[in-house]
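Asks: This is the structure, below, for whatever I ask next.
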Amino acid sequence: MPKPLDLQAAERLLHLTRALGECLSAGQVTDLDYLLTERQAVLDSISSPSAPSVKAILQQVQTLEADIIQQMEAAHADISQEMAGERKQRAAHHQYRPKATLHGLDRAG
């Protein structure tokens, strides 16, 4: 299972990209080399073989979704069977219930 996406690295990349944009728009070239080097280091750490790819994360999510759907379907089937069993029990109970007849009471009285 791939490791989760490094949120700190993503935030650092965003911060460095913003700083790079600010330097470029202000015409400051003194910090440019540092920012580009730092940004590339963060990019390399995110895209390293040990870092999860978007495709791997998507596959993991799809696998979890499929497992959840399978569990829900199994639970639904169990509940349906249980309810059918209860209906059969109720129907059987009502079917065999002895009924008093007026004819039987007339004879006794």
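Asks: Take the residues in segment 22-57 that are exposed (fewer than 10 other Cβ atoms within 10 Å of the Cβ) and part of a helix (DSSP H, G or I); name whichever of them is modelled with the lowest pLDDT.
Replies: Among those that are exposed (fewer than 10 other Cβ atoms within 10 Å of the Cβ) and part of a helix (DSSP H, G or I), it is VAL54.
Asks: Shifting gears a bit: If you scan segment 12-26, which residues turn out to be out of contact with any helix residue (DSSP H, G or I) (no Cβ under 8 Å at 6 or more places or on another chain) and within 13 Å of LEU43 (Cα to Cα)?
Replies: Taking segment 12-26 first, the residues out of contact with any helix residue (DSSP H, G or I) (no Cβ under 8 Å at 6 or more places or on another chain) are 14-15, 18, 21-22, 25-26.
Of everything in segment 12-26, those that are out of contact with any helix residue (DSSP H, G or I) (no Cβ under 8 Å at 6 or more places or on another chain) and within 13 Å of LEU43 (Cα to Cα) turn out to be LEU14, HIS15.
Asks: So, GLN60, is that one modelled with pLDDT under 80 and assigned to a helix (DSSP H, G or I) or not?
Replies: So GLN60 fits the description; yes.
The values are calculated or read from the model by the stated rules, or taken from the named source; none is laboratory data. No experiment lies behind these values; they were computed from the predicted model shown. Neighbour counts run over all protein chains shown; Cβ positions are idealised from the backbone, glycine included.
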